[in-house]
Structure formats: structure tokens, C-alpha cells
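What follows draws every value from the coordinates through simple rules; no lab data is involved. Predicted, not measured: the structure shown is a model, and the values here were computed from it. Every residue, glycine as well, gets a Cβ built from its backbone with ideal geometry; the counts of neighbours run over all protein chains shown.
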Amino acid sequence: MKPKMENQPNRGWVRLLTVFGTYLLITVIIAFLIGGVSGGFSQFFSGNSKEIPVSQLVEDVNAGNVDKVTIEENRIKISYKNGSEAYSRKEINANFYEMMQQAGVSDISTKVQVEVASPPISDFLETILSNLIPIAIMIVFFLFLFRLAGKSAGGVLDFGKSNAKMFGKDTPKVSFKDAAGVAEAKQELEEVVDFLKSPDKYRRLGARIPKGVLLVGPAGTGKTLLARAVANEAGVPFYSMAGSEFMEMLVGVGASRVRDLFRTAKENAPALIFIDEVESIGRQRGRSIMASHGEQEQTLNQILVEMDGFSPNDNVIVIAATNRPDLLDSALTRPGRFDRTVVLQLPDIVGREEIIRIHLRNKPLASDVDITRLARLTVGFSGADIENMLNEAAILAARTGKKEIDMRDISNSATKVKLGPERRHLQSDADKKMTAYHEAGHAIVANRTPGMDPVQRVSIVSRGMALGFTEINPEQDKYHQTKTDLLNRITALLGGRAAEEIVFNDATVGAKSDLEKANIIARKMVAELGMSSLGPVAFDYVDSLEQTGDPILDRSKYSEQMASKIDSEIIQIITDAYKRAKDILTKDRILLDKVVDALMVEETIEQDKFEQIINELSNA
């Protein structure tokens, strides 16, 4: 296998189509040439003479007008006594004398001179051109086609070759300094680098080099980045391939690609193999009600053998990444194959601050940019989210003609990442007021509920699918959520619908998303977390040993009576929270109107302005 470099574009299919069109054009031209040559030979043989039927020939012979007849294959050349010539045709296997006798000419040899000539060279050439040359052209065409397809990655003749990308010297270098917020994971992987650099140091003490490292974590936490950093720090060949690239319609192709990948890595050892989204080929075997996927199982079996089989696999380390470790087969995750499992989590406030500093290195910043405050505002952001946020901030600043990125640009970009782009469209004052009361209801209920996170921003500017939004972000990372915290979140979610009912004595469709989120939280509290009067019992669970992957068979195992009780508990939680929200807004109706008035004027209220309105009303 010759691995393709990451920065080399694959133009195989473009070349394939170009060559196909060229050969098709050549074939058409040659076909016309063949027809022209064939017609030319016929014209050369017949000259300017005309063709007459056999019946006319018989009449001319009986009349004594014919001087000589020359027979060549299926042609009959007729020379008349007056010097003119003509020709006629007969079947190739037909006997001229018998044909004349059947036509009524008893003894033609006594009436005309008959000669039998050998076939002209034109017939032989015409046969070759009309039959052999098209076949030869097609053979050459398909041989070239297969050769070209075989050279292109993933071609017809290379379907058993792996499509792994090898990151070479021209690839942009990535080091551990480019990864932040994952200190524990970097420490684990630094040992892997040391294994690759100095394997003898560990062998002398009887230590075995890890065969595999499994990176587990949510999307965007830097799994691929860390794998590339390991390869760069160790200075070894790095082969990267997604799990889905092993799969093919033909059974056995995936296993062949695995063998080819590991063979190439062993030839270039020490080396590193990175398999992204490994759950696509490493799923548990025999857990589906459908017929097992033979290709997936054969591919998985081959990986198991390559990582820990009879053949030694020294100095080749496999790093795999997944965000669904629960789907992986137990034979794949056992020690001896993936010896280490490195868990990457969303960065904490210190990690986010480090990530922000990394992505702000080449960006000019205004003096009001506070990195510590940005780290507090991005709770729940992954490294990829932070990079996207800062990139959007740079784009926004450039769009408005600024030379520096200020805090407002970054704040607007953070909102765009979470909620979507801003959408300006015409709304009536009645629609705006309804949206304003809905969002103000969220904000005031959140502010008046003890233990709730502060309100960062309230806006009636449409973003994504929402007509308005209320940002409620924690000031610091929380690793535990209590029952009270969850009930407070449900109450704040229902504040918008409660405000609509209090002010307009009606309800809008704008609360659809709020109701869905509240129902999800309440159901988890009752059916999964044991936070209800039904006791500390988890109803919605699936035993990993019994998991089939089918939503019908994997559904919770409880009776219809218990399902009814669970539904009653969920309804009770949401009903109580809705009553709390209505009580808060009824009591603070004046504050609700004040916030709405400010929204109608400014459209977006930041945290300081919102708290100023509350303090002014409280001190009045």
C-alpha cells in the first residue's frame, strides 16, 4: 500500500471520466473511418460499373451480350462484348454453374468465358478493419481503464487496499502546546510518546508497550488533535483512517484493508495508527435482531487479531477515538488491545481560558477583552466551540470594518454559536410585545428563583428558529446537579408560558421548545434519576449485556400501571413548577412590564442593564 498524503488531492475520478470520454470519441472516429475504408474498397473493386441482379445477368447471357464472367467470392464481374462492365452478387457458398443451370442457362461455359479469381487483398483488409480493430480498441481501452482506476485511491483494483492518510513532513505540525484544557489526557499520551521514542527503557524493566489507546469524549474536545500531537511529538509515521472507510459493500474488503494498514505500519515501525469514529466498526457483535452485518464483524475480527493475535505487533500503537464507548465490543476494549482509556471532558474554566489564549494568539484584541470573563461566559463550550466562536468574532469585526476584536464581537459570536445567526425580519408591534413578555417571563422567574444562575442577556431579536432568547449561564462550572437545581430549571423554562397567560390570558406556539425541554428534564428525574415519590428507582435503563440496538427491544421493562404512575409524576412536577412561575410573575407584574418596556426600545438587554432595572424597582 502506498498511503496518500493528506494534502494531495484525489483527482482519480476526474481523470477516469476524461479518459473515458477521450476513448469514446476515438472509438466513434475509428468506426466512421472503418465504414469509409470499407466503402472505399467496395468502390475501388466495382469502379464506375453498375450493379445488376442475377436475373438480368441470365437474360444478357442468353442474348449473347456477355463476353466474360469473373467470379470472386460473392461478387460476379461481368464484361460485355461492347466493352462495358457491370457486376452482380451471389451467396458466398453458392455454386455459380448450378445457379445458372437453375436459372435456365444449360451450359454457360459454352456461351461465355468463366474465370474464378482469388479474393482481392481489399477483402482481407476490410475484414480485419471491420472486425479485429474494434475488438483490439476495446481491449486496450479497458486495460487502460483498469490501470487508471487501480492507481487512484480506492480504485476498482485497489478495493482491498486501505485508504489511510499518512501525515508527512509537509503536514502542519501540531504539538501538545496546541492542546489545552485536557491536562490529564496529555499526561497519559506523553507516556505513549516516550514509549515510541525510547521503547528499550521500558523493556529493560519488563514493561510492555501499550498496544492501543482509546480516546473517549464528547465531540469537539480534541481527540483527533491529541492523536496528531502524539505522532508529531514522537516523530513517527502517522496513519489516519475513519472507521467508516473500512466498510464496503463486498464482504471481506474491510478485513483486507485492516491487514494492509497494519502491514504498512509494521513496515514503517515505529508507527502510529489513528482510527476515528471506531464505533462504526467496533460495535458489539450479535446484539441486533436483524441479520448480523458480516462485513462489520469480519472487519472487527481482523482488528482484534492484528492488535492481539499470534503475530507480534511491536512498535505500532493504535489510537482510536469515539464518543459512544457504550457501543464498543468488550473484546475490543479489553487490556491487551486497548490498554488505556483516556477520557476527555468539556474543559473547565481554567482549561477554557487556556484554549481561548491559544486561539487568540494571532488575533488583534481591543483593550476591553477580558479572557477570564470570556471563560466564565463559555460554560459548556468544547474546544471546537471556542475556536468557532473566536473565528466568528474575527469575521464579525472584519465585516464592520474594525481593526481589532472587541468584547461585544466575541459576546455576539458566542450567542451565534449557541443559538444560531441573527435574523432580522419585519414584525408588528403586537408580535414584538408578545415575544418581549415571553422572554421577560423567563428572565424574571430565573432571577427571583433562589439558586438559579444569573441572567446574562435578554433579547427579542430572532436567532435560529427562536423569535427571542434569554441567556442564563452559570458563573462557574457545576459537576453536581441537585433535585432543586432541576426543578428551578423547569420553573424558569415555564416562565415564558406563564407570562403569556397572565398578560394576554392566552398561549402561543412560542413555548413549544420550552415545554419539550421541561418534559425531558422531568422524565429523567422520575424515570432515570429516582427524584420522585416513586422512590430511588431507575425505570428507563438498558442493560449493556442485553442491548440489541433496536429501540423496541431496548425499551424500559416496566408494567403499564407503572408507566401510568410515571406519567402522573411527570405531570405533577411540571404543574407545580408552572404554578410557581405564575406566582412569581403575578407578584412582580410591575417588574415584568418594566423589562418589556426596555426590550421594546433596546431589543437586547445585557446583564448589567437587566440588574439595574431590578435594583431601581426594588429601591423605589
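Once Rg and the Kirkwood radius are both taken over the C-alpha atoms of region 422-619, their ratio Rg/Rh works out to 1.04.
At full extension, E611 and Q427 could sit 63.5 nm farther apart than now, given 0.36 nm per residue minus the alpha carbon distance. Per-residue Cβ neighbour counts within 10 Å put Y479, Y97, Y239 in the sequence Y479, Y97, Y239, beginning with the fewest. Diagonalising the gyration tensor over the Cα atoms of region 437-495 and scaling each eigenvalue by 5 before taking the square root yields semi-axes of 21, 13, 10 Å, largest first. Out of L346, T299, V316, whose Cα points farthest toward the positive end of the dipole of region 293-435 (charges: +1 Lys, Arg; -1 Asp, Glu; placed on Cβ)? So the residue furthest toward the plus end is L346. Between the amide H of S532 and any residue lying 5 or more places away or on another chain, no distance stays under 5 Å, with hydrogens modeled in the peptide plane. Relative to one another, the C-alpha centroids of region 398-472 and region 181-203 are positioned 45 Å apart. Reported value for region 377-513: 122 Å³ per residue, from the convex hull of its C-alpha atoms. Electrostatic bookkeeping for D583 treats Lys and Arg as +1 and Asp and Glu as -1; over the other residues with beta carbon under 13 Å from its beta carbon, the sum is +3. The share of alpha-carbon pairs in region 467-517 lying farther apart than 18 Å comes to 41%. Neighbour counts of C-beta atoms inside 10 Å place K512, K582 in the sequence K512, K582, starting with the fewest. Working from the Cα coordinates of region 349-419, the gyration tensor eigenvalues give, after taking √(5λ), semi-axes of 18, 13, 10 Å in decreasing order.
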